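Structure, as structure tokens:
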Amino acid sequence: MTRSLVLASTAAWRGDLLRQLQVPFVQADPKLDESPWKERGLAPRALVVELACAKAKALANAYPDALLLAADQVAVCDSLVLGKPENTQGAVEQLLMLAGRSHELVTGLALYDPRQDTLHTDVVVRTLTMRPLTRLRAERYVRRDSPQACAGSYRFESLGIALFEDIDGDSSGVVGLPLMAVTRLLAAAGIDPLG
């Protein structure tokens, strides 16, 4: 019998990406306060993996027989971790910091099996190069695309793609659910999208 899959996220774009693998799943909010992890000053890769693990495990009581998939993502520029901006002005300032430069987008993934108490993790890093950007254009972009809920203050799956000159790798790693890595995690848990 195939195990049910729960995506520990209410983000529509993550759900849209996971649907590409044509594996049945439901989405659930892990309702996790992320501030204790962010206050610890962890390195970006450790931070996103620990948060992804915590999000997946947060749903274990509600879904004890399911496989729980979670992700977390931060942007990194000059060793500075950029999470979700606090407000519109914060989004504009993040964009201006990234404008005309390359930065990394680091995504941590976790697949937790509460029945077996096993955890599979992965980290995907993408390097993106943003086009030069004036303050006026950054403000216009933020007004039009509302990227305040996104690390780095851009929505790559929407108008935000126009901000970029280049990206290495597949775009699902930028949107927040790297599907090639997700496929590896699912395979480790016995789920084959092509099976």
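Here is how the numbers come out for the structure above:
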{"read-out": "Karplus 3J(HN,Hα) series, Hz, for the range 25-42 with 6.51 cos²θ - 1.76 cosθ + 1.60 (x for Gly, Pro)", "value": "7, 10, 10, 9, 7, x, 6, 10, 7, 7, 4, x, 6, 5, 6, 7, x, 5"}
{"read-out": "Calculated from backbone phi, Karplus (6.51, -1.76, 1.60) coupling profile of the range 156-173 in Hz, x at Gly/Pro", "value": "5, 7, 10, 4, x, 4, 5, 7, 10, 9, 7, 8, 9, x, 7, 6, 5, x"}
{"read-out": "In Hz, Karplus ³J(HN,Hα) per residue of the range 113-125 (6.51, -1.76, 1.60; θ = phi - 60°; x = Gly, Pro)", "value": "10, x, 5, 9, 6, 10, 9, 10, 10, 7, 10, 10, 10"}
{"read-out": "Qualifying GluC sites (Glu not before Pro) in the range 83-132, DSSP loop, other Cβ atoms within 10 Å at most 11", "value": "86"}
{"read-out": "Ellipticity estimate at 222 nm from DSSP helix runs (n ≥ 4, -39,500 (n - 2.57)) divided over the chain, nearest 500", "value": "-9000 deg cm²/dmol"}
{"read-out": "Of 70, 43, 58, the one that fluctuates the most in a GNM where the chain has Cα springs shorter than 10 Å", "value": "43"}
{"read-out": "Rounded to the nearest 20 debye, dipole of the chain from Cβ charges on Lys, Arg, Asp, Glu", "value": "360 debye"}
{"read-out": "Simple spin-label estimate for residue 140 and residue 22 in nanometres, 7 Å along Cα-Cβ", "value": "4.2 nm"}
{"read-out": "Bridge type composition, the chain - antiparallel percent by DSSP, nearest 5", "value": "85 percent"}
{"read-out": "Length-normalised contact order of the chain in % [C-alpha pairs under 8 Å, at least 6 apart]", "value": "22 percent"}
{"read-out": "Where the Cα pairs of the range 5-188 fall when distances are cut into 5 Å bins, in %", "value": "1, 9, 17, 21, 20, 15, 10, 5, 2, 1, 0"}
{"read-out": "The range 5-70: trypsin sites (Lys or Arg not before Pro) falling in loop per DSSP and having at most 13 other Cβ within 10 Å", "value": "31, 40"}
{"read-out": "Fluctuation leader among 177, 136, 80 - the chain, Gaussian network, Cα springs under 10 angstrom", "value": "136"}
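All of the numbers you see were taken from the coordinates with simple rules; none came from a lab. What you are looking at is a predicted structure, and each value in this text was computed from that prediction instead of being measured. Neighbour counts run over all protein chains shown; Cβ positions are idealised from the backbone, glycine included.
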